[in-house]
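The values are calculated or read from the model by the stated rules, or taken from the named source; none is laboratory data. Since the model is a prediction, treat every value here as computed from it, not as a measurement. Virtual Cβ from ideal backbone geometry, glycine too; neighbours counted across all protein chains shown.
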Amino acid sequence: MIPYPSLVFALLISIAAFILTRPLEKLSKQAREEFNNPLMELVYTGQVNDISEIALGFKMRDSRAKSIISRVQISVLDTCLSVFNKAQQVSQNTANGCQELNNQQQNLDMIAAAVDEMQSTSKEIASSAVATSELTVEAQGLMVENTNSAISTSSSMELLLSQLNETTSKITSLNDMMDEVANVVEVIDAIAEQTNLLALNAAIEAARAGDSGRGFAVVADEVRMLAKRTQESTTQIDSVITTVLNETKIVLNSLEQSNTYADETVSLLESSKVKMTRLSGAIHEIVDRNHQIATAVEEQSQVSFELNSNVQTVNATSRETIELMNSTLSDNTQMISEVEDLKDVIESVASMGKNKSTIA
């Protein structure tokens, strides 16, 4: 018969073994559900039991975990490399963009300077156009005065021409009258000559009559003397008439030349009046054009001012953009550094995992 203490001890051992093996069986069951391969148990552990099942399960779970960690490490490294490359590309593009913006800002500064100069030039042109317009208006006023003077001179010349024509007509009439007077003088001279002949014949007859014809001879002699004086007077008158006729012809020639010159002067004045009228119209058009130019230049100056303001705004925006891109470049450089640090950490973790695997 088995002693009581031994029975109790055996019972306690059985209970303890049940208590201890119960979780082991449960863990072995979970290991079989996870990976059930007796051949691999024998290969990796050298035995086939609950312990080998649990050991193989831990090995397989550790292998899976390492595989997952390795894939994650590779994926993270690839991601880090991609982010690193993209960050470097972004940094390069940002640096290039900053350089382009700097160049653009320099160009904008040059454009702003050119616009300022153009605006100043536009103001000078506008001022010159206004001054030219004022001078042109003054010239137009003088041209109007000259035109009015030409019109007045033309009217005076026409009046003078009319008076010259009238004078020429009167002198022509006077010349005709002098011709008539000359004819009359010729008649008188002929009568005086005939009277002289008659007086001479009367004197001859009185001489034949003797003493009885002496009184008649005296009268005949007086008549002859009177006829002689008449002939002398008609000769003088004829000489005067001839001189007057010659002078009248000279005056007529001068008047005809004066009429010709007056006609030419009137024609020239008419032509000058027409040309002055055209010139006045041209000056008026120049005044209008100068006003248009001044207005256009003023508008151009206003546009230049607005353009300058817009360029200044764009320039300020460009400066702000450069500052933002420089800040982005700095942040991107810091991100590259952090990605490199993360890559180093991942590589260190991967190296530690490999070392642990080698030790195991």
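Out of Thr242, Thr277, Thr235, Thr265, report the one residue that is surrounded by 16 or more Cβ atoms within 10 Å (Cβ to Cβ), in a helix (DSSP H, G or I) and modelled with pLDDT of 75 or more.
Result of the check over Thr242, Thr277, Thr235, Thr265: Thr265.
Which one of Glu145, Glu180, Glu138 is part of a helix (DSSP H, G or I) and closer than 30 Å to Glu299 by Cβ?
Glu138
Among the residues of segment 153-206, write down those that are without any contact (Cβ under 8 Å) to a residue 40 or more places away in the chain and touching an Asp or Glu at 6+ places or on another chain (Cβ under 8 Å).
Within segment 153-206, Ala199, Ala203 meet the criteria.
Looking for something hydroxyl-bearing (Ser, Thr, Tyr), under 30 Å from Met335 (Cα atoms) and surrounded by 12 or more Cβ atoms within 10 Å (Cβ to Cβ) - is there at least one such residue anywhere in segment 119-131?
no
Does Ser122 satisfy the condition of being of a type in the set (S, T, N, Q), more than 19 Å from Glu320 (Cα to Cα), in a helix (DSSP H, G or I) and modelled with pLDDT of 75 or more?
no
Have a look at Val90, Val43 and point out the one that is surrounded by 14 or more Cβ atoms within 10 Å (Cβ to Cβ) and either at pLDDT below 75 or part of a helix (DSSP H, G or I) (or both).
None of the other options fit; the residue is Val90.
Can you tell me which residue within segment 110-132, out of those that are among the β-branched types (Val, Ile, Thr) and in contact (Cβ under 8 Å) with a residue 60 or more places away in the chain, is farthest from Val311 (Cα to Cα)?
Thr132
So Thr295 passes all but one of these: (1) surrounded by 15 or more Cβ atoms within 10 Å (Cβ to Cβ); (2) closer than 30 Å to Gly141 by Cβ. Which condition number does it fail?
All conditions are met except number (1).
Taking the residues in segment 310-323 that are hydroxyl-bearing (Ser, Thr, Tyr) and modelled with pLDDT under 80 as candidates, determine which candidate is surrounded by the most Cβ atoms within 10 Å (Cβ to Cβ).
Here the answer is Ser318.
Within 30 Å of Val185 (Cβ to Cβ) and in contact (Cβ under 8 Å) with a residue 12 or more places away in the chain - does that describe any residue in segment 253-275?
Within segment 253-275, one or more residues are within 30 Å of Val185 (Cβ to Cβ) and in contact (Cβ under 8 Å) with a residue 12 or more places away in the chain.
Within segment 280-292, can you find the residues that are free of Cβ contacts under 8 Å to residues at least 12 places away in the same chain and buried (at least 18 other Cβ atoms within 10 Å of the Cβ)?
None; the set is empty.
Of (1) surrounded by 14 or more Cβ atoms within 10 Å (Cβ to Cβ); (2) modelled with pLDDT under 75, Asp341 satisfies all except one. Which?
(1)
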